[in-house]
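S.K.: Dropping a structure here in structure tokens format, bear with me for questions.
The values are calculated or read from the model by the stated rules, or taken from the named source; none is laboratory data. In this text, all values refer to a predicted model and were calculated from it rather than measured experimentally. Cβ: placed from backbone, ideal geometry, glycine included. Neighbour counts: every protein chain shown. Each accessible area value is taken on the protein alone, full model and side chains, heavy atoms only, with ligands, DNA and RNA left out. Shrake-Rupley method; radii C 1.70, N 1.55, O 1.52, S 1.80 Å.
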Amino acid sequence: MAMPLLEIKNLDVCFKNSLADKVVNNVSFNLYEGETLALVGESGSGKSVTAMSILKLLPYPNASHPNGQILFEGHDLLTATDKYLRQIRGNKIGMIFQEPMTALNPLHSIEKQIAEVLLIHQGLDKTSAQKKVIQLLGEVGIKNPESRLKSFPHELSGGQRQRVVIAMALANSPKILIADEPTTALDVTVQKQVLELINHLKQQFNMAVLLISHDLGVVKHYSSAIAVMQNGAIVEQGSTTDIFKSPQHSYTQQLMASAPSGKPHASIQPTLCLSTQNLNVSFTLQKSLLGKTLKALHAVNNVSISINKGETLGIIGESGSGKSTLAMAILKLQHSHGVIDLKGLRLDQLNRKQMLPIRKILQVVFQDPFASLSPRMTIAQIIAEGLLLQATSTAQNIEIAVIEILKEVGLDPESRHRYPHEFSGGQRQRVAIARALILKPEVIVLDEPTSALDRTVQVQIVELLRNLQHKHQLTYLFISHDISVVKALSHKIAVMKDGEIVEMDDTETLLNEPKTQYTRTLIASTLH
């Protein structure tokens, strides 16, 4: 039997300010050369804390390990000196973090950030380091790597940034690569490319990979073994084949069943509610000295859509395709040219003051509920804000309305005096939906409302949105890059690429008989 590269034995993790005694409890697993072991579980299950413990990246001394060992090459990393850990970090054990924009320094060029790893660990001179950086960028699939050396993180796409982070992690040919949710923030097509890349590099360098994910579609295709975590403990582990074939623990079975399914209710009265004709949005990239536009980006290009009352139009496409810009233009939060028609009312002809009463019937739910909810306001204040601005209700009526809407979105009305940080991601998204609903809108724009959530929570939110639509005959414009979620909610789907709609049809027809190669690629990139 081969010796494991990494042995984690009976690991505990505690935080001083945590209400729970242990956030990781008695965790044990082995990682072997050439293997991909997936740590699977929902947010808060202890996956990332376990992974961060390996390189002692937790906030010590606030964090502690009452029990356990982490053995690498015969050394217990938990009791190792800082000097030894510095030799291991980024050298023998590399790490890819979830959000590449936060993992990269916005003030330094790509070359400087990757070269730093080489200069510290390998002592290369600047010329040798530059050659190695170009080689690494080529290996991770960055085209024309020489031209990207002086680029800064904000000048790269999400997929390119993640490739740079992978290049940094691989710079010293580590024996172990820890990939912490490496594709959560990426489009399905880019997600597949990045996972294929990690898999290819693992085989090329015979590394061991610890893949942390809450997405079982990813895990099924890219791991050889699985450890399932719940509430800080491993509840089941074994080979990927065995666990998918016959999951033993009820939590694993629940995760397996957590995929958005079903389809939206048929609308009662299919009359036109919202439409656009030849809608355009441009951003000026370069101006002359006299202020004339020399170069512009056409983010939305002659887009025409229509949505019936009580129905959902799903818009899919990669990042940068213009989905969110289109939504912001329809909401009149982004300057545009072209027709925006809401029930016969030309929104494109209204000024800001004239739009204020319309805001009541045209609402929005954003992607990240934590970023869109004020941390200084209670849940009651957040939800009631729209009613206060409309100034049509008494304080008593507002409180009654807040209580009723909280019940409707499945939250305890008694929680209304708490703050956003005291809620889970799924609960915060329910608050964001309640804030939109309390004004009794007719149209809600949903901009990636489930992408930041675990699969089990996604299923609940999709079901909630479907039921609310049916009950109130709401009209949704639903933006997402997750085709399974779009399918479960949408009556029609429009596919966007480079600011244009390349295809639009009813959901079943578009997904079963896509007409364009781009749509076929999007559908094929979805991991099940």
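S.K.: What does the accessible area of Phe283 come to, in Å² to the nearest 10, when a probe of 1.4 Å is used?
M.R.: Here the residue's solvent-accessible area equals roughly 80 Å².
S.K.: Net charge within 15 Å of Leu511 by Cβ-Cβ distance, Lys/Arg positive one each and Asp/Glu negative one each, not counting Leu511 itself?
M.R.: Charge balance in the 15 Å sphere: -1.
S.K.: Here's something else I'd like to know. In degrees, nearest 10, range 0 to 90: what is the angle between the Cα axis of helix 425-437 and the longest Cα principal axis of the chain?
M.R.: 10 degrees
S.K.: Could you calculate the contour length gain from Gln390 to Leu290, that is, 0.36 nm times the residue separation minus the distance between their Cα atoms, to one decimal place in nm?
M.R.: 31.7 nm
S.K.: Next question, about the same structure. Put +1 on the Cβ of every Lys and Arg and -1 on every Asp and Glu Cβ in the chain; which of Pro420, Ser239, Ala395 then has its Cα farthest towards the positive end of the dipole?
M.R.: Ala395
S.K.: Grab the DSSP H runs of the chain that are 4 residues or longer, score each as -39,500 (n - 2.57), total them, divide by all residues and round the 222 nm result to the nearest 500 deg cm²/dmol.
M.R.: Details: 21 runs with 196 residues, N = 528.
Roughly -10500 deg cm²/dmol at 222 nm, from the helical runs in the chain.
S.K.: Testing the spin-label approximation: label points 7 Å from Cα along Cα→Cβ at Gln269 and Gln517. State their distance in nm.
M.R.: Computed distance between label sites Gln269 and Gln517 equals 4.6 nm.
S.K.: Suppose R0 equals 35 Å; then what is the FRET efficiency for Leu345 and Val502 from their Cβ-Cβ distance, rounded to the nearest 0.05?
M.R.: Values: r = 29 Å, r/R0 = 0.83.
According to the calculation, E is roughly 0.75.
S.K.: State the answer as a single residue: which of Leu211, Asn302, Leu489 lies farthest towards the positive end of the charge dipole of the chain, with beta carbon charges of +1 for Lys and Arg and -1 for Asp and Glu, about the Cα centre.
M.R.: Asn302
S.K.: Would you please give the FRET efficiency between Ala524 and Lys131, computed as 1/(1 + (r/R0)^6) with r the Cβ-Cβ distance and R0 = 30 Å, to the nearest 0.05?
M.R.: According to the calculation, E is roughly 0.25.
S.K.: Setting aside same-chain residues fewer than 8 positions from Lys515, which aspartates and glutamates have a Cα under 13 Å from its Cα?
M.R.: Glu503, Asp505, Asp506
S.K.: Could you tell me the accessible area of Ser451 in Å² (1.4 Å probe, neighbours in place), rounded to the nearest ten?
M.R.: Roughly 30 Å² of Ser451 is accessible to a 1.4 Å probe.
S.K.: With +1 on each Lys and Arg Cβ and -1 on each Asp and Glu Cβ, and nothing else charged, work out how big the dipole of the chain is about its Cα centre, in Debye to the nearest 20. Could the numbers behind the result be given before it?
M.R.: Details: 52 positive and 48 negative charges, 266 e Å.
About 1280 debye.
S.K.: With label points built 7 Å along Cα→Cβ from the Cα atoms of Glu399 and Ile361, find their separation and express it in nm.
M.R.: Inter-label distance under the simple model: 3.2 nm.
S.K.: Next question. Within the set of other residues whose C-beta is less than 12 Å from the C-beta of Leu201, count the net charge using Lys and Arg as +1 and Asp and Glu as -1. Let's see the in-between values first.
M.R.: Values: positive: Arg163, Lys202; negative: Glu139, Glu196.
Value of the local net charge: 0.
S.K.: Could you calculate the FRET efficiency of Met3 with Ser304 from 1/(1 + (r/R0)^6), where r is the beta carbon distance between them and R0 is 56 Å, rounded to 0.05?
M.R.: 0.35
S.K.: Which pairs break 30 Å Cα to Cα here: Lys295/Lys492; Lys323/Lys360; Lys407/Lys487; Lys83/Lys220?
M.R.: Lys295/Lys492; Lys83/Lys220
S.K.: So if each residue of separation counts as 0.36 nm, and I subtract the Cα-Cα distance between Glu116 and Val235, what length gain in nm does that give?
M.R.: Using 0.36 nm per residue and subtracting the Cα-Cα distance, I get 38.8 nm.
S.K.: How about Lys131: which aspartates and glutamates have a C-alpha closer than 14 Å to its C-alpha, ignoring those fewer than 8 places off in the same chain?
M.R.: Correct list for Lys131: Glu111, Glu116, Glu139, Glu146.
S.K.: Return the distance in nm (one decimal) between the two label points of a simple spin-label model at Glu33 and Phe244, each offset 7 Å from Cα along Cα→Cβ.
M.R.: Distance between label points: 2.7 nm.
S.K.: For a quick protection proxy, order the peptides 377-384, 414-421 by their average other-Cβ count within 10 Å, most packed first.
M.R.: 377-384, 414-421
S.K.: Moving on. What does the net charge come to around Ala299 if you take all other residues with beta carbon closer than 14 Å to its beta carbon, with K and R at +1 and D and E at -1?
M.R.: After counting each charged neighbour, the total is 0.
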